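Worksheet: one structure, shown below.
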Amino acid sequence: MRKSRNRSKQTNQLNHLKNIIAFSELMQESDANIVYLGKVTQSTIDGITDMMEESMIERQESRQTTKRVYHVMIEALQNICKHADSTADYASNSLEQGLAKDGIFLIGHNEEEYYVTTGNQITTENTIRLRDTLDKINALDKDGLREMHKQAMAGGEISEVGGAGLGFIDIKKKTGTEYEYYFDPVSADHCFFILTIRILKESVKDF
């Protein structure tokens, strides 16, 4: 009986190691640098951004690219918290405790760009407002973004989305690229919000 238990334990450990190796290979194939799943707190944000900044310095990325990626990472991680379902049993009112315990964050790069992907559960009601905000920002040119930024700073309509609308505008101004997003329904009242932001490595002025 003991030998059978030990054999079963060894098999489980071997399968676990195989899964880790397979995941590592998948990360390399998709050019992923950091993948995080779990509670999003201020410590989480600080830890992820510090690791990525060190990694970019080692790759000798330009100062401009490093600043842009750092800015996007901060905004993206904070947006997970701003859009977290505040009525869910995993939510809190403190960033120190974790506004969103079920957040997903992924950052990777290739020769031309860095990309940041986030995911978290939100209410269906918030989905409608988010889609409208992202579509509006995607459709704007530089002048339109400036005007939208002024309205947000003045406490306009966009500020109703927990202040995250201003963060979305700032990211677009820094990257000049369009948001890629998807809402995956998980129930009648909730969706999983997936957002991807791309940051070009080429030297470009703020959009």
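Rule-based calculations on the coordinates, nothing more; no lab input. The shown structure was predicted, so the numbers you read here are calculated from the model rather than taken from an experiment. Cβ atoms come from the backbone with ideal geometry, glycine included; neighbour counts cover every protein chain shown.
A protection proxy built from the mean count of other Cβ atoms within 10 Å ranks the segments 116-126, 136-146, most packed first, as 116-126, 136-146.
Couplings 3J(HN,Hα) of the stretch 136-150, computed from phi: 5, 5, 4, 7, 8, 8, 4, 5, x, 5, 4, 5, 5, 5, 4 Hz, in residue order, whole Hz [Karplus 6.51 cos²θ - 1.76 cosθ + 1.60, θ = phi - 60°; x for Gly and Pro]. Site pair Lys39 and Ile194 shows an inter-label distance of 2.7 nm when each label is modelled 7 Å from Cα along Cα→Cβ. When the C-alpha to C-alpha distance is required to be over 28 Å, the pairs from Lys39/Lys142; Lys67/Lys150; Lys39/Lys150 that qualify are Lys39/Lys142; Lys39/Lys150. Packing, taken as the mean count of other beta carbons within 10 Å per residue, orders the peptides 71-79, 192-200 from highest to lowest as 71-79, 192-200.
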